[in-house]
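For reference, the structure is listed below as structure tokens.
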Amino acid sequence: MGYQYKIPWRNMIMSKDEYLITDTPLKALTVFAMPMILGSFFQQIYNMADSIIVGQFVGSSALAAVGACAALTNVFICVALGAGVGAGVLVSRYFGAREYGKMKTIVSTSLISFLLLSIVLGVFGFFFANSMMSGLQTPADILDDAVLYLRVYFVGFPFLFMYNILSTMFTSIGESKIPLGLLIFSSILNILMDLWMVAGLRFGVFGAALATSMSELVGGAIPVVYFMKKNTSLLRLTKFRFDIRILGKAASNGASEFMNNVSASLVSMLYNMQLMKYAGENGIAAYGVVMYVNFIFQAIFMGYSVGSAPIVGFNYGSGNKKELKSILGKGIRIIVVGAFTMFVLGQVLARPLAQVFVGYDKELFDITVAGFMIFSCSFLFSGFPILGSSFFTALSDGLTSALISFLRTLVFQVTAVLILPVFFKLTGVWMSVVVAEFLAMIATIIFLVAKKKKYGY
């Protein structure tokens with residue numbers, strides 16, 4: 001039996017196909033990717049709300065505790081991101097090839113499998129929070145707050161997982177506005193609840209974590225209900241169909257996204273250790289602020305790359321190789337313009353942004369400003385490996401995409417952050433990401449040139 005799609009076939013499918021195939025690449029990319037860019041932006045607003053409010057109303061120690069958790073929570077989040085991207089690539093390809101039966105099975109299998117996985121990961125994270133944070137050498141004076149934050153966070157983790165999976169499904173068939181609207185709503189809800197529980201009720205780190213978990217619950221529950229009820233999208237789930245073979249394909253496609261995020265999280269842990277060595281607790285707090293701001297600035301790269309992936313996958317599945325070349329060319333130009341724009345903004349806004357987070361502490365403020373001004377130089381290069389990795393993932397070339405991610409983080413960043421601080425101390429820590437992103441850009445260009453003949457772009 002399987003579940004059914006309530007689709008006005010002639011009107012909706014054909015209009016989607018015409019939109020993705022016949023529109024100019026720039027128009028298609030702009031219209032389709034813009035919600036993803038905005039979504040990525042609001043995702044970072046969502047993530048940093050805890051830090052801003054905790055820093056302002058609780059203090060630098062609490063801020064350091066939340067910041068210390070970020071690297072670990074990102075490891076778990078990256079599983080959801082990788083799973084969503086891996087399944088989404090298959091959905092967009094089969095949608096482009098008009099193989100709707102396979103598309104249905106992918107969605108169903110993904111929902112069942114990843115829901116179970118999210119529950120397992122949430123339980124694991126809850127019970128082993130103390131062991132994990134202790135293993136990361138979290139300073140003793142912030143350990144209890146960090147563990148408390150993590151345990152409350154993991155209660156809401158399955159809902160966060162479901163949001164990422166379901167939003168990817170909608171995006172893969174061109175319904176990017178639905179997850180965007182939900183994300184904006186849950187982001188605003190998180191901020192309001194943070195203000196209520198942290199600034200109003202004075203619940204401290206516990207209040208920040210509780211606000212996040214409750215927002216995750218809303219963000220994950222609403223799309224599940226929407227997905228299962230009659231709606232205006234192309235997909236409506238009524239019954240489940242499971243095919244274990246799909247998991248292998250989804251895992252392969254999502255490997256690069258998974259590796260990229262896991263690697264970035266592991267590198268963040270290494271950065272925290274180096275900053276603790278050269279700047280103490282203030283170094284960890286400053287790095288947390290720099291990374292949150294960095295994620296906001298990189299939203300245009302991440303959002304555009306993720307948003308363009310379904311279009312690349314759709315045209316690849318449809319055999320429109322001419323469009324692949326046009327999409328890649330437009331993407332590179334957008335990345336170049338975005339890179340210079342963000343670099344300039346990073347230099348100009350370093351002090352105002354630091355003031356928002358840590359204006360209450362001069363020493364911490366100075367460390368944060370200096371760090372971000374150096375760090376923002378990486379914006380000139382980081383868009384290229386992000387775009388390249390997403391592009392190859394959409395082509396189902398998971399190996400090349402994973403290699404880009406592997407080189408970018410586990411090779412270039414690890415090497416840089418271990419060597420440069422020996423010569424330049426704290427400045428060397430901030431310089432590491434700039435050097436690493438430059439090398440990753442060069443590697444990405446090499447892969448794009450080497451694979452050009454194979455894929456015909």
Which condition does residue 187 not pass, out of (1) among the polar types (S, T, N, Q); (2) within 30 Å of residue 437 (Cα to Cα); (3) in contact with a Leu (Cβ under 9 Å, 6 or more places away or on another chain); (4) modelled with pLDDT of 80 or more, if it passes all the others? (3)
Write out, first by first residue and then by second, each pair whose Cβ atoms fall under 7 Å of each other, whose residues are 6+ apart or on separate chains, and whose first residue, in region 298-314, is modelled with pLDDT of 75 or more while the second is of a type outside the set (S, T, N, Q) and not in a helix (DSSP H, G or I). 312/395
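Of all residues in region 435-457 being outside any helix (DSSP H, G or I) and surrounded by fewer than 20 Cβ atoms within 10 Å (Cβ to Cβ), which is nearest to the chain's Cα centre (by Cα)? Give the derivation first.
Keep residues of region 435-457 that are outside any helix (DSSP H, G or I), which gives 451, 456-457.
From what's left, surrounded by fewer than 20 Cβ atoms within 10 Å (Cβ to Cβ): 451, 456.
Working: 451: 26, 456: 29 Å.
The extreme case among them is 451.
Each row is one residue, and each column tells you yes or no for (1) at pLDDT below 85; (2) surrounded by fewer than 22 Cβ atoms within 10 Å (Cβ to Cβ); (3) outside any loop (DSSP other than H, G, I, E, B).
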site	(1), (2), (3)
181	yes, yes, yes
199	no, yes, yes
236	yes, yes, no
245	yes, yes, yes
250	yes, no, yes
263	yes, no, yes
270	no, yes, yes
273	no, yes, yes
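Does region 348-398 hold any residues that are assigned to a helix (DSSP H, G or I) and without any contact (Cβ under 8 Å) to a residue 40 or more places away in the chain, and which are they? Outline the logic, then answer.
In the first step, residues of region 348-398 are kept if they are assigned to a helix (DSSP H, G or I); the result is 348-358, 362-394, 398.
Those that are assigned to a helix (DSSP H, G or I) and without any contact (Cβ under 8 Å) to a residue 40 or more places away in the chain: 348, 349, 350, 351, 352, 355, 362, 365, 366, 369, 373.
May I ask you to say which residue of 378, 396 is buried (at least 19 other Cβ atoms within 10 Å of the Cβ) and among the small types (Gly, Ala, Ser)? Reasoning before the result, please.
On the way: 396 fails: buried (at least 19 other Cβ atoms within 10 Å of the Cβ).
It is 378.
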When you scan region 167-218, how many residues do you find that are more than 23 Å from the chain's Cα centre (by Cα) and among the small types (Gly, Ala, Ser)? 4
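So if I check each of 327, 311, which one is surrounded by fewer than 24 Cβ atoms within 10 Å (Cβ to Cβ) and in a helix (DSSP H, G or I)? Give the derivation first.
Numbers: 311 fails: surrounded by fewer than 24 Cβ atoms within 10 Å (Cβ to Cβ).
Being surrounded by fewer than 24 Cβ atoms within 10 Å (Cβ to Cβ) and in a helix (DSSP H, G or I) holds for just one of 327, 311, which is 327.
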Among the residues that make up region 22-45, is at least one of them buried (at least 24 other Cβ atoms within 10 Å of the Cβ), among the acidic types (Asp, Glu) and either on the phi < 0 side of the Ramachandran plot or at pLDDT below 75 (or both)? no
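Considering only region 264-291, state which residues are within 16 Å of residue 410 (Cβ to Cβ) and out of contact with any helix residue (DSSP H, G or I) (no Cβ under 7 Å at 6 or more places or on another chain). Show your work before the answer.
Step one: filter region 264-291 for residues within 16 Å of residue 410 (Cβ to Cβ), giving 264-271, 273-274.
Listed by number, the residues that qualify are 266, 273.
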Residue 345 passes all but one of (1) modelled with pLDDT of 90 or more; (2) not in a helix (DSSP H, G or I); which number fails? (2)
Restricting attention to region 51-81, the residues that are under 21 Å from the mean Cα position of the chain (by Cα) and either under 16 Å from residue 272 (Cα atoms) or of a type in the set (Gly, Ala, Ser) (or both) number exactly 12
Given the conditions (1) over 30 Å from residue 394 (Cβ atoms); (2) in a helix (DSSP H, G or I); (3) touching a residue at least 12 places away in the same chain (Cβ under 8 Å), report the number of the one that residue 192 does not fulfil. (3)
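Restricting attention to region 189-219, which residues are among the charged types (D, E, K, R) and more than 19 Å from residue 60 (Cα to Cα)? It would help to see each step written out before you state the result.
Kept after step one, since they are among the charged types (D, E, K, R), are these residues of region 189-219: 194, 202, 216.
Within region 189-219, 216 is the sole residue that qualifies.
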Checking residue 89 against (1) of a type in the set (A, V, I, L, M); (2) crowded, with 24+ Cβ neighbours inside 10 Å; (3) at pLDDT below 75; (4) closer than 24 Å to residue 267 by Cβ: exactly one of these is not met. Which one? (4)
Within region 187-208, which residues are farther than 21 Å from residue 151 by Cβ and among the polar types (S, T, N, Q)? 187
Give the residues of region 403-419 that are surrounded by 22 or more Cβ atoms within 10 Å (Cβ to Cβ) and either of a type in the set (Phe, Trp, Tyr) or in contact (Cβ under 8 Å) with a residue 60 or more places away in the chain (or both), sorted by residue number. 404, 405, 408, 409, 412, 413, 417
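Answer with yes or no whether residue 124 is at pLDDT 75 or above, farther than 16 Å from residue 158 by Cβ and surrounded by fewer than 21 Cβ atoms within 10 Å (Cβ to Cβ).
Working: at pLDDT 75 or above: yes; farther than 16 Å from residue 158 by Cβ: no; surrounded by fewer than 21 Cβ atoms within 10 Å (Cβ to Cβ): yes.
No, not satisfied.
The values are calculated or read from the model by the stated rules, or taken from the named source; none is laboratory data. Everything numeric in this text was worked out from a predicted model, so none of it was measured. Don't worry about glycine lacking a Cβ; one is built from the backbone with ideal geometry, like all the others, and counts go over all protein chains shown.
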